[in-house]
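Take a look at the structure set out below.
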Amino acid sequence: MPRSKAATKSLTVLFTCIGRRVSLLNSFRGAARELKIDISLLGTDTTNLSSAFQLCDKKFLVKPVSHRDYLRQLLAIVKANRVELLVPTIDTDLLLLAKNKPKFASVGCCVLISKAGVVGICQDKRKTYRFLLKNGFDTPVTMSVRTALSKKKLNWPCFLKPWDGNASRGTAKVDNRKELLFFVKRIPNPICQEFVNGTEHTCDVYVDLNMKVRCVVPRKRIEVRAGEVSKGQVVKHPRIMREAARLVEALGAGPGVITLQLFLTSDDKVKFIEINPRFGGGVPLAIKAGANFPKWILQEVLGRKTNIRFDGFKDKVIMLRYDGEVWLENVNKKIKK
Ligand SMILES: Nc1ncnc2c1ncn2[C@@H]1O[C@H](COP(=O)(O)OP(=O)(O)O)[C@@H](O)[C@H]1O
Ligand SMILES: [Mg+2]
């Protein structure tokens with residue numbers, strides 16, 4: 001909930017499962033500096049051996065998301081530190097946060113998360129497919145493995161992936177029935193999808209606190225490492241931007257940044273494959289190009305005016321990622337992984 005006093009100059013933000021999100025953390029720090037806000041950035045993780053965690057102003061070791069105490073721990077941190085904004089970073093706690101958003105709101109904390117129903121659609125690729133079809137978006141034909149195997153004629157290659165997967169884990173391109181039979185035994189919860197040939201793009205879609213889509217940044221995935229973009233380029237493609245905005249509006253996702261994945265095919269079709277209702281790993285590229293999501297979020301939470309243009313970012317910017325280091329010195333304590 002935006003604050004009524006536009007003059008407030010301090011803000012406490014909590015990032016959950018912060019892991020390696022150093023760049024995102026730094027961009028919130030930079031945005032606060034620009035806005036002359038005294039910001040306190042808090043982070044949770046299950047281990048001290050976490051780069052972004054180490055760079056937080058306050059660190060909280062918590063139970064794993066699946067533990068029954070996790071929610072209680074988060075609420076306690078929020079209350080004790082008067083956290084006003086909670087930013088999730090990975091898929092695992094999205095549903096829990098969505099379901100419990102009112103509990104956080106009752107202690108004055110705005111959680112940057114979509115409704116539980118929306119998270120449910122995004123986290124089940126079978127539901128995502130049905131949503132896309134029903135709302136008239138192009139997407140690769142998707143079916144259960146049983147249906148695929150029962151078909152007399154199937155267009156090869158096909159693409160197998162878990163309906164509840166992430167980070168490209170357990171995916172396989174299969175060229176024939178024999179390969180399909182081989183991989184279905186090795187992929188948990190597989191679905192069978194038409195294989196799309198095309199250029200893969202990701203879109204960062206900014207939804208404001210009033211649930212309006214305000215900006216869409218498409219970026220081409222040039223190279224991917226461990227399921228996350230390592231080289232990417234901003235591509236101001238008006239049709240992708242319009243379609244992405246329409247998708248997020250139809251879904252009612254937000255507030256915050258929603259990350260869409262799609263293919264642009266050689267015959268110029270925009271085929272959506274995935275929706276992640278959180279900051280994507282490649283978001284630093286959009287922020288660098290001028291879509292300053294952290295700044296807009298901070299402004300909104302403080303009840304300040306924003307100046308957001310739908311296409312208010314630089315085209316063709318390229319991001320080349322590399323590994324950075326965080327150093328911990330003189331560590332005597334036994335550290336648990
Ligand atoms: N139908 C498809 N055809 C070709 N490649 C695909 C298809 N679906 C997914 N991929 C590739 O697999 C990757 C992971 O798939 P995705 O649907 O994004 O699942 P997740 O990221 O949850 O593992 C994508 O980034 C893309 O490169
Ligand atoms: Mg994906």
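Tabulated results
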read-out	value
Residue in region 222-230 that is within 16 Å of ligand 2 (Cβ to nearest atom), part of a strand (DSSP E or B) and among the acidic types (Asp, Glu) present	yes
Filter result (over 17 Å from Phe272 (Cβ atoms), part of a loop (DSSP other than H, G, I, E, B) and away from ligand 2 (no atom under 16 Å from the Cβ)) within region 177-211	Lys185, Arg186, Pro188, Asp208, Leu209, Asn210, Met211
Some residue of region 282-298 being modelled with pLDDT of 95 or more, within 16 Å of ligand 1 (Cβ to nearest atom), within 21 Å of Val196 (Cβ to Cβ) and touching a Ser or Thr at 6+ places or on another chain (Cβ under 9 Å)	yes
Any hit, region 317-330, residues being surrounded by fewer than 13 Cβ atoms within 10 Å (Cβ to Cβ), part of a loop (DSSP other than H, G, I, E, B) and in contact with a helix residue (DSSP H, G or I) (Cβ under 7 Å, 6 or more places away or on another chain)	yes
Qualifying positions in region 39-84 - of a type in the set (Phe, Trp, Tyr) and within 19 Å of Asn26 (Cβ to Cβ)	Phe53
Enumeration of residues in region 145-176 that are assigned to a loop (DSSP other than H, G, I, E, B), of a type outside the set (Val, Ile, Thr) and within 16 Å of ligand 2 (Cβ to nearest atom)	Trp163, Asp164, Gly165, Asn166, Ala167, Ser168, Arg169, Gly170
Of all residues in region 262-278 being surrounded by 16 or more Cβ atoms within 10 Å (Cβ to Cβ) and within 13 Å of His201 (Cβ to Cβ), the one that is nearest to ligand 2 (Cβ to nearest atom)	Glu274
Given (1) buried (at least 16 other Cβ atoms within 10 Å of the Cβ); (2) farther than 26 Å from Phe293 by Cβ, number of the condition Ser51 does not satisfy	(2)
Only one of Val217, Val229 that is buried (at least 24 other Cβ atoms within 10 Å of the Cβ), under 17 Å from the mean Cα position of the chain (by Cα), in the same structural domain as Asn307 (by TED's automatic domain parsing) and in contact (Cβ under 8 Å) with a residue 24 or more places away in the chain	Val217
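The values are calculated or read from the model by the stated rules, or taken from the named source; none is laboratory data. Since the structure is predicted, the reported quantities are computational estimates derived from the model, not experimental observations. Positions of Cβ are backbone-derived with ideal geometry, glycine not excepted, and every protein chain shown enters the neighbour counts.
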